[in-house]
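Undergrad: Have a look at this one.
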Amino acid sequence: MARGEGGEQSSNASLLHKSPSDEVKSVAKRERSGRLSICSKLCYAIGGAPYQITGCAIGFFLQIYLLDVAQVDPFYASIILFVGRAWDAITDPTVGFLVSRSPWTRFGKMMPWIALSTPLAVVCYFLIWYVPSIDQGKIIWYLVFYCLFQSLQTCFHVPYSALTMFISSEQKERDSATAYRMTVEVLGTVIGTGIQGQIVGLASAPCIPVGDDLNATSQDYGPEVNISQPHISVEHTKQAYMIASGVICAIYVLCAIVLFFGVKERKDTSRVRTEPMSFFQGIRMVMGHGPYAKLVMGFLFTSLAFMLLEGNFALFCCYTLGFRDDFQNILLVIMLSASLTIPFWQWFLTRFGKKTAVYVGTTSVIPFLITVVLVKSNLIVTYIISFAAGVSIAAAFLLPWSMLPDVVDDFKVQNPESQGHEAIFYSFYVFFTKFASGVSLGISTLSLDFAGYITRGCTQPENVNITLKVLVSAAPVFLIIIGLIIFITYPIDEEKRQGNRKLLNEQRENESLDSEADSTETDGSVV
């Protein structure tokens, strides 16, 4: 026993009197262990593509699909879109809570959720874009499969989002991996827009001449024929949507496989030292952390602005601007521009700080939102405005996911004895963004119904055009301004972020010393 005590005293003395060079070596060793290879970052980034590909396809095309292809009444379409997103929003914190309580397996803590949800999610996604032959049960069909898909995708995306905190303990590596992820996710939006838009664009939904169009259009065409392309029927359009969904499903599965086999979770970066908490305790915990609440509320309003734009821009291009045969190309230009400028915004936030990037990136879209409704319809001008708007959308993609780890780190600094809650923080952010999406889609579709939207009409009443202008311009500008006002109170600037990083490194160093001391004590006792 005396020998064991002597060994403990000797080890503690050596730990307490480490030379500066030993401390530098220890820090360097820890940083090396937290580094990620380019291959790991790419595999991690590819895992974010399914969420953006499917989300972009649904965001841009589901509304116009339900109205003009499935021929769902606008009122019921608004119910489907709102209830589906509201249900999805509810499942996010629930899944986050369950993920946080999940045990570690040989594949990690997050990967089993991703692997098991993928096959069921792609089946439900495919059935969303199938038009059933039963008219009476059509509403239930879309509502059920839309809700199921959103729930299953939550089981994929919430663990994937929280995975940021599990792939490395180094803030710099996490920021770099996030930049890779955002680049691939924006490319995912390009892929989603390109596949859905180009395939469907080859068989665009037929329209019915109304009002003055009846005098300018031949009456030889039946109600099921596209008057701009008479050889295309509504059945061709339905098949085009199914083909596009099948291609997207295949990409979804491929990306999940790359993520599963290409990324390794690091258990030592997510060590849980507290007892599992209840669901409502988790809610109080995350919303009680001031910086997190302010970040989420700020991005709630800016996300709602961009989702209003996303959900209504296809209809705006088709009817208000009159570019029915070009809207899919305009959407593709927006997403392509966003993907090309992600590296710029990553450099900008590194050079000038994340909070500055929020203000510059988000406000840059406002002039273009105003211009697109004031300038007379012109295809070339619309392409230019769309490219410029994509630059701001890139910032909207990158910044939330780059700033969330900073808030989680701040919580860890203030609550060093409460760890392992990353999934809860991420799930509530996803909850608010999806809630914003549901509100935007529900309100916009209902507004179009009140304005007198004509299903499959070649043109729309003036009230519909005014409503679309409000939904893609005035409302988003107003919401962006509110979000930026909230960001004024966001307390984590670059100085605070670097200070948190230093404190966390010191915490990990102390944990490492304690672990070494415990190990030495155990060895001494055995001797």
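The values are calculated or read from the model by the stated rules, or taken from the named source; none is laboratory data. Just so it is clear, the model here is predicted, and its values are computed rather than measured. When we count neighbours, we look across all protein chains shown, and the Cβ atoms used for this are built from the backbone with ideal geometry, even at glycine. Quick note on the areas: whole protein, heavy atoms, side chains included, nothing else; ligands and nucleic acids left out. Shrake-Rupley method; radii C 1.70, N 1.55, O 1.52, S 1.80 Å.
Undergrad: Filter the helices (runs of 4 or more DSSP H) completely within the stretch 404-499 down to those with at least 3 residues that are open to solvent by less than 20 Å² (accessible area, probe 1.4 Å) and under 29 Å from Gly290 (Cα atoms). Spell out how you get there, then give the answer.
TA: Numbers: elements: 422-451, 462-469, 475-487.
Fully inside the stretch 404-499 and qualifying: 422-451, 475-487.
Undergrad: What pairs can you find where one residue is in the stretch 146-172 and of a type outside the set (Val, Ile, Thr), the other is part of a loop (DSSP other than H, G, I, E, B) and open to solvent by less than 10 Å² (accessible area, probe 1.4 Å), and their Cβ atoms are less than 6 Å apart, with a gap of 6+ or different chains?
TA: Pairs found: Pro159/Met110; Tyr160/Gly47; Leu163/Met110.
Undergrad: Are there any pairs, at least 6 apart or on different chains, whose C-beta atoms fall under 8 Å, with the first in the stretch 386-401 and open to solvent by 10 Å² or more (accessible area, probe 1.4 Å) and the second in a helix (DSSP H, G or I) and among the acidic types (Asp, Glu), and if so, which?
TA: Within 8 Å, the pairs are Phe397/Glu185.
Undergrad: Determine which single condition Lys138 fails, assuming it passes every other condition in (1) crowded, with 24+ Cβ neighbours inside 10 Å; (2) over 19 Å from Thr433 (Cβ atoms); (3) among the charged types (D, E, K, R).
TA: It fails just one condition, (1).
Undergrad: Quick check on my filter: what residues within the stretch 366-380 are open to solvent by 50 Å² or more (accessible area, probe 1.4 Å) and of a type in the set (A, V, I, L, M)?
TA: Scanning the stretch 366-380 gives Ile370, Leu374, Val375, Leu379, Ile380.
Undergrad: Test of understanding: among Thr154, Thr91, Thr118, Thr105, which residue is polar (S, T, N, Q), over 18 Å from Ile53 (Cβ atoms) and surrounded by 19 or more Cβ atoms within 10 Å (Cβ to Cβ)? Explain how you work it out, then say what you get.
TA: Values: Thr154 fails: over 18 Å from Ile53 (Cβ atoms); Thr118 fails: over 18 Å from Ile53 (Cβ atoms); Thr105 fails: surrounded by 19 or more Cβ atoms within 10 Å (Cβ to Cβ).
After applying the criteria, what remains is Thr91.
Undergrad: For the stretch 312-331, state whether one or more residues are within 17 Å of the chain's Cα centre (by Cα) and farther than 17 Å from Phe432 by Cα. Give the derivation first.
TA: Our first condition is that a residue be within 17 Å of the chain's Cα centre (by Cα); within the stretch 312-331, this holds for none.
No: zero hits.
Undergrad: I'd like to check which helices (runs of 4 or more DSSP H) are fully inside the stretch 107-222 and have at least 3 residues that are at pLDDT 75 or above.
TA: On the way: elements: 111-128, 138-162, 171-201, 213-216.
Here the list reads 111-128, 138-162, 171-201.
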